[in-house]
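Have a look at the structure below before the remarks.
The values are calculated or read from the model by the stated rules, or taken from the named source; none is laboratory data. In this text, all values refer to a predicted model and were calculated from it rather than measured experimentally. Quick reminder, even Gly has a Cβ in these numbers, built from the backbone with ideal geometry, and neighbours come from all protein chains shown. Calculation scope for accessible area: heavy atoms of the full protein, side chains included, ligands and nucleic acids excluded. Shrake-Rupley method; radii C 1.70, N 1.55, O 1.52, S 1.80 Å.
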Amino acid sequence: MNPRSRLSTTAVAGLTAVLLLAGCGGGDGDDGAKAADKTSFAPTTTRASASASPSVSASTSSDGRPKITLPSDVTLTFEGGRTGDAVKDAVLADSAEMTRAVDAAIAGTDPKGEAMGYYTTGKALEASVSWVAQFKKADVTITGVVRYYDRKVTLESKTAAVLTYCGDESKGFSKDKKTHKVNRTPVTKDSYVTYNTRLDKNSDGVWQTSQIISTRGAAQCQP
């Protein structure tokens, strides 16, 4: 995607046009994904509404949560998952699963986006559905490695939390589905993204991401 021209995903979220999860770069030729970087979305859409209450996938873990798998050429790493606080650790874990779920929908290992619907809600869900559709339209997928680090949780209540973190997308790229050509782009300051997210705990005990704001090229995330 552009400007990230990397892995993971970019979408519009929150009350204003903001980016979800970072872009997935693709070079100048990746017009569909490039356009998606600044694509807004309607408050409600047919696709988003259909995914808002997904049925649980047949592929579930023992605790009833959807199992998420990614292609062998896609690697996401999440640093700092243990804080010593069980609630904060749960927030970190479910946020990581949200990121993996969106990438699984893009990569085609979860074509119905069931895990994405499980770990996102509200504006974040609408944005995720819209962003996955942009990848499908551009006929590109993702490949490479993305690292998430400096993850910090602030608990606002028993059911609400704010999580900030950084993303290193310098080794993640988009890939043409037909030709399998990897759209490699040079590493710049925009390869590093800072995220400010809100998560809300639902009645099933899942910390769902409801809003994400990202800033590309943020100084605090630079190596």
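Full extension of the chain segment joining Lys181 with Asp89 gains 29.3 nm, where the gain is 0.36 nm per residue of separation less the Cα-Cα distance. Summarising the label geometry, the points placed 7 Å from Cα in the beta-carbon direction at Thr77 and Val162 lie 2.9 nm from one another. First check a/c for the stretch 74-223, with a ≥ b ≥ c the square roots of the eigenvalues of its C-alpha gyration tensor; if it is under 1.5, answer rounded, and if not, answer prolate when a/b is larger than b/c or oblate otherwise. Oblate is the answer for the stretch 74-223, as a/c is 1.5 or above yet b/c matches or exceeds a/b. Looking at the stretch 97-223, the accessible area is 43 square angstrom per residue; that uses a 1.4 Å probe and ignores ligands, DNA and RNA.
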